[in-house]
Amino acid sequence: MAAIILEGKPLAERLRNEIAEQTAAFTARTGVTPCLAAVLVGDDPASQVYVRNKQKACEKAGIRSQMHHLSAATTTSELLGLIARLNGDASVHGILVQLPLPKGCNEKQVLDAVTPLKDVDAFHPENVGLLMQGRPRFLPCTPHGCLQFLLSAGVETRGAEVVIVGRSDIVGKPLAAMLIQKGRGGDATVTVCHSRTRDLAQVTRRADILVVAIGRPQFVTGAMVKPGATVIDVGINRVDGRLVGDVDFDSAAAVAGAITPVPGGVGLLTVTMLLKNTLTAAELQTAG
């Protein structure tokens, strides 16, 4: 039986319409328009596309956006100076530093410099700690997008065995923290796999929900998927001029019960959750 395709576009559109309505109500009530400042360093074509897409999404949601495009020769000190100015600008509610940064920039130092109240990517140690304690200020954008797919499709996480392939700070670790929390979208039993996991296929075949974010094109095949499982493919890779995920879609879709496509899947929800976090940041800052 072929898997149900969990398309990102209709879900993203529904959530973005809700965010636009919430934003309009917030602005009408307070006179404040939420603002996201995007910082792009260098001329990476993919990063430029991502930032443009985020700006367009902001505009449609009633969120103001700023673009700060710096040369690849920008030093860490110069970048930190810009972050400090944005931190102190009351009209800016969220700060997004587009990754990856050029080799000359200290990525960790730059991300840590963003004030936690404007850290809409939820990368700051303070926000990571709040997430781990089950009282998040912001939910990380890509993991939150994964969770939205599960919730919208009615996939039960309570008591489910979840396997996450990939232990990054951006996806694997925060998603695991979210899924083990008590309540809706949580209460799962979570295994996080990585490059040192023994007999990976044996582990992935146990999963009721399999999330793949390993950065290797078409790495997970149908032979690694439990029949009827829900597969969330976070990867995006360019192979022979086309975009593919970390999952071999055709073979996995023949086994899974539901699966996200690439493109057209998690990426659309990542941007959507960024809009949600920017609105939340504006609400928090306006409330004092």
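Taking the Cα atoms of the range 130-238, what is the range of coordinates along each of the three principal axes, in descending order and whole Å?
Between the extreme Cα coordinates on each principal axis of the range 130-238 lie 36, 27, 25 Å.
Calculate the FRET efficiency for Leu130 and Glu21 from the Cβ-Cβ distance with a Förster distance of 30 Å, rounded to the nearest 0.05.
It comes out at approximately 0.65.
Starting from the Cα of Val49, step 7 Å along the direction of its Cβ; do the same at Arg238; then give the gap between the two resulting points in nm.
Between Val49 and Arg238, the label points sit 0.6 nm apart.
For the pair Thr197/Thr30, report the inter-label distance in nm, with labels modelled 7 Å from Cα in the Cβ direction.
4.0
Can you tell me which of 37-44, 224-231 comes out highest on packing, and rank the rest after it, using the mean Cβ neighbours within 10 Å?
224-231, 37-44
What is the percent carbon and sulfur in the accessible area of the range 30-177, measuring with a 1.4 Å probe over the protein chains and ignoring ligands?
In the range 30-177, the share of accessible area belonging to carbon and sulfur is 53 percent.
Per residue, how much accessible area does the chain show when a 1.4 Å probe rolls over the protein heavy atoms, in square angstrom? Numbers along the way, then the final one.
On the way: 13460 Å² over 288 residues.
Accessible area per residue: 47 Å².
So how strong a dipole does the range 1-112 carry about its Cα centre when Lys and Arg Cβ are +1 and Asp and Glu Cβ are -1, to the nearest 20 debye?
The dipole of the range 1-112 has a size of about 200 debye.
Assuming R0 = 35 Å, what is the FRET efficiency of Ile4 and Lys103, from their Cβ-Cβ distance, to the nearest 0.05? List each step's numbers first, then the result.
On the way: r = 42 Å, r/R0 = 1.21.
In this case the efficiency is close to 0.25.
Distance from the Cα centre of the range 162-210 to that of the range 98-159, in angstrom?
For the range 162-210 versus the range 98-159, the Cα centre distance is 16 Å.
Suppose the chain between Asp187 and Ala84 were pulled fully straight at 0.36 nm per residue; how much longer would it get relative to their current alpha carbon spacing?
Stretched fully, the Asp187-Ala84 segment lengthens by 33.2 nm.
Most mobile of Gly104, Gly222, Gly166 per a Gaussian network model of the chain (Cα springs, under 10 Å)?
Greatest mean-square fluctuation among the candidates belongs to Gly104.
If I compute solvent accessible area with a 1.4 Å probe over the protein chains, what percent of it on the range 195-288 is carbon and sulfur?
Heavy-atom surface of the range 195-288 belonging to carbon and sulfur, 1.4 Å probe: 51 percent.
Treating only the Cβ atoms of Lys and Arg (+1) and Asp and Glu (-1) as charged, compute the dipole magnitude of the range 73-191 about its Cα centre; round to the nearest 20 debye.
The dipole magnitude comes to about 180 debye.
So what is the calculated 222 nm ellipticity per residue for the chain, using -39500 (n - 2.57) for each DSSP H run with n of 4 or more, over all residues, to the nearest 500 deg cm²/dmol?
Helices in the chain give a 222 nm mean residue ellipticity of -13000 deg cm²/dmol.
How much length would be gained if the chain were fully extended between Arg158 and Asp112, taking 0.36 nm per residue of separation minus their Cα-Cα distance, in nm to one decimal?
Additional length available on full extension: 13.2 nm.
Note down the net charge around Ile95, summing +1 for each Lys or Arg and -1 for each Asp or Glu among other residues with Cβ under 11 Å from its Cβ.
Around Ile95, the charge tally is -1.
Using modelled amide H (1.01 Å from N, peptide plane; none on Pro or chain starts), what sits under 5 Å from the amide H of Leu70, excluding residues fewer than 5 places away?
Leu40, Val41, Gly42
Enumerate the amide H contacts of Leu96 below 5 Å, restricted to partners 5 or more residues apart or on another chain; note that Pro and chain-start residues carry no placed amide H.
Ala37, Ala38, Val39
If you place +1 on the Cβ of every Lys and Arg, -1 on the Cβ of every Asp and Glu, and leave all else neutral, what size is the dipole of the chain about its Cα centre, to the nearest 20 Debye?
Charge dipole, the chain, about its Cα centre: 240 debye, nearest 20.
For Phe219, Phe138, write out the residues from largest to smallest accessible area, computed with a 1.4 angstrom probe and no ligands counted.
So the residues, ranked largest to smallest area, are Phe219, Phe138.
For a protection proxy built on the mean count of beta-carbon atoms within 10 angstrom, sort 273-280, 16-23 highest first, please.
273-280, 16-23
Multiply the residue separation of Leu284 and Ser251 by 0.36 nm, subtract the distance between their alpha-carbon atoms, and state the gained length in nm to one decimal.
7.4 nm
Using only Cα atoms, locate the centre of the range 18-88 and the centre of the range 251-288, then give the distance between them in Å, rounded to an integer.
Comparing the Cα centres of the range 18-88 and the range 251-288, I get a distance of 17 Å.
Using the per-residue mean of other Cβ atoms lying within 10 Å as a proxy for protection, in what order, highest first, do the peptides 234-244, 255-265 fall?
255-265, 234-244
Hey, can you grab everything whose amide H is under 5 Å from the amide H of Thr157? Only 5+ residues off in sequence or another chain; H modelled, so Pro and N-termini drop out.
Under 5 Å from the amide H of Thr157 lie the amide H atoms of Gly185, each far enough along the sequence or on another chain.
The values are calculated or read from the model by the stated rules, or taken from the named source; none is laboratory data. Owing to the predicted nature of the structure, the values given are computational and were not obtained by experimental measurement. Cβ: placed from backbone, ideal geometry, glycine included. Neighbour counts: every protein chain shown. When the accessible area is computed, the model is the full protein with side chains, heavy atoms only, and any ligands, DNA or RNA have been set aside. Shrake-Rupley method; radii C 1.70, N 1.55, O 1.52, S 1.80 Å.
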